[in-house]
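Below is one structure, written out as C-alpha cells, with a few remarks after it.
Readers should treat all values here as calculations from the given coordinates under stated rules, not as data from a laboratory. Bear in mind that the values here come from a model prediction, so they are computed numbers and not experimental data. Please note: Cβ atoms are built from the backbone with ideal geometry, for glycine as well, and neighbour counts cover all protein chains shown.
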Amino acid sequence: MNEHLLSRRQFTARCAAFGLSLPALGAMLAARAAAQDPGTEAAPKPGARTVRLPDGTMVPSLGQGCWHLGQGRHPVAVEQEALRTGISLGMTLLDTSGNYGSGRSEQFLNHVIAGQRERIFLVSKVEGDEVSGDGIARACAASLARLGSEYLDLYLMHWPPPSATFPGMVAAFEQLRAAGKIRAWGVSNFNVGQMEDLFRVPDGHRCATNQVPYSLNNRRIERELLPWCREHNVPVMAYSPLGGDNHLVVGDRTLAQVGSSYGCSAAAVALAWVTRSGSVIAIPESGAPAHVRDNAVALSITLTPQDLQTLDAAFPGPPGAS
Ligand SMILES: NC(=O)c1ccc[n+]([C@@H]2O[C@H](COP(=O)([O-])OP(=O)(O)OC[C@H]3O[C@@H](n4cnc5c(N)ncnc54)[C@H](OP(=O)(O)O)[C@@H]3O)[C@@H](O)[C@H]2O)c1
C-alpha cells in the first residue's frame, strides 16, 4: 500500500511494528537529510509547519524563547547545546528582549548565533518607557551590540505604551527598518483596542505580529484578539505556550494519552495544538536539550479532529470564542 495513503495513526502503528517511534523516525530522516545536504539542516523541512508574516517572510511555527537563558537556571554549556539542538531541528526563530536578565539573555545568544546568524530569525524587544525621543533607536543599538548582530529580523514593543505615543513609536520602527537595523517590527501584549489604535496610525498596518500568552490552559485570546488578528492578517506569536513556569501543562494526563498515539511527549502535543491553525507561532523556552528535542517533534504533528475534541473537553476555551 502507498504510504502516502496511510493515516498518521496507521503510519505510527507501522513505525512501531518496525521498532521506530515517530520522533525517532523524524530524527533519523533529519539526520539523513543533513548528511545529504550539509549546511541546510536548519532550514524549515518540507512538511514542517511554517507561518507567513505579512511581508511574505516564512518563519517556523515553532521557535525558542530565551527569557531565562544565560542566567544560571542550567549550566551555560547545556543551555547552548539546547538552543543549538533546537536550531538544528528547525526551531530557528529565537525570541529575546533587551530587558531579559538585564541584557544577559542577549549576551548569551551572541555566542549561540555567532557563525550562523543568517540561519536565525532573531526577535528582540524594546520597553514602553523607551518610546520618547530617540529611545527606541538607542535601545536597538544596545541590543544589537549585546547580540553581536548587524540587524534584528523582528523588533517588538514589549508592553503597550499609551496610544498617544503610537505615531512616534511606528515612525521610530520605520526609521530603523529603512536604516537596515531591523527587518520588521511588531508588538506584544496589545489588546484589541490597542491594535485598532495602532492600525489607525500611518504605517501601523505594517505590524508583523502581536506576541501574547496562549496555551491550552490560557485560551483567553480566542474570544476577541485571535479573531481580530486573523481578520487583519497579523500572525500571533504565542508566549508561555506550555503554560509558563507556574502553570506548565506538560504533566497533564490527557496530553500524555494523545501523545502516546503519536509516540511523542505531552509537551509536543501542547505545542502542536498551539500552532494548529498555521497562523500562530509558538516560542517555548527550554534550557534542556532533551526537552528541546521533545518540543521539536511538534513541527511534524498534525492533530486529528478527534484529538482536538479530546483536548477541548479537557481544556475548554472561553465562552463566546470562535
Ligand atoms: N512578550 C512577553 O511579555 C513575554 C512574557 C513571557 C514569555 N515570553 C517569551 O516566551 C518564552 C516562553 O515562555 P515561558 O518561559 O513563560 O513559558 P513556557 O515556554 O510555556 O515554559 C517554560 C518552562 O517549560 C519547561 N519546559 C520546556 N519544554 C519542556 C518539555 N518538553 N518538558 C518539560 N518541561 C519543559 C522549561 O524548563 P526547562 O528549561 O527545564 O526545559 C521552563 O520551565 C520566553 O522565553 C520569552 O521568550 C514573552
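Length gained on full extension, Ala164 to Glu118, computed as 0.36 nm times the residue gap minus the Cα-Cα distance: 12.9 nm.
Measure off 7 Å from each Cα along the Cα-to-Cβ vector at Thr304 and Arg104, then give the distance between these two points in nanometres to one decimal. It works out to 4.7 nm between the two label points.
One equal scatterer on each Cα of segment 49-151, no solvent, Debye formula: the resulting log10 I(q)/I(0) at q = 0.25 Å⁻¹ is -1.37. For segment 148-298, the dipole from Cβ point charges (+1 on Lys and Arg, -1 on Asp and Glu) about the Cα centre works out to 180 debye, to the nearest 20. Note on Arg223 and Ala288: the model spin-label points, each 7 Å out from Cα along the C-beta direction, lie 3.4 nm apart. Compared with the alpha-carbon gap, the fully stretched path from Ala178 to Glu231 is longer by 16.3 nm at 0.36 nm per residue.
Note on Glu150 and Arg200: the model spin-label points, each 7 Å out from Cα along the C-beta direction, lie 4.0 nm apart.
Taken over segment 177-307, the convex hull of the Cα atoms encloses 129 Å³ per residue.
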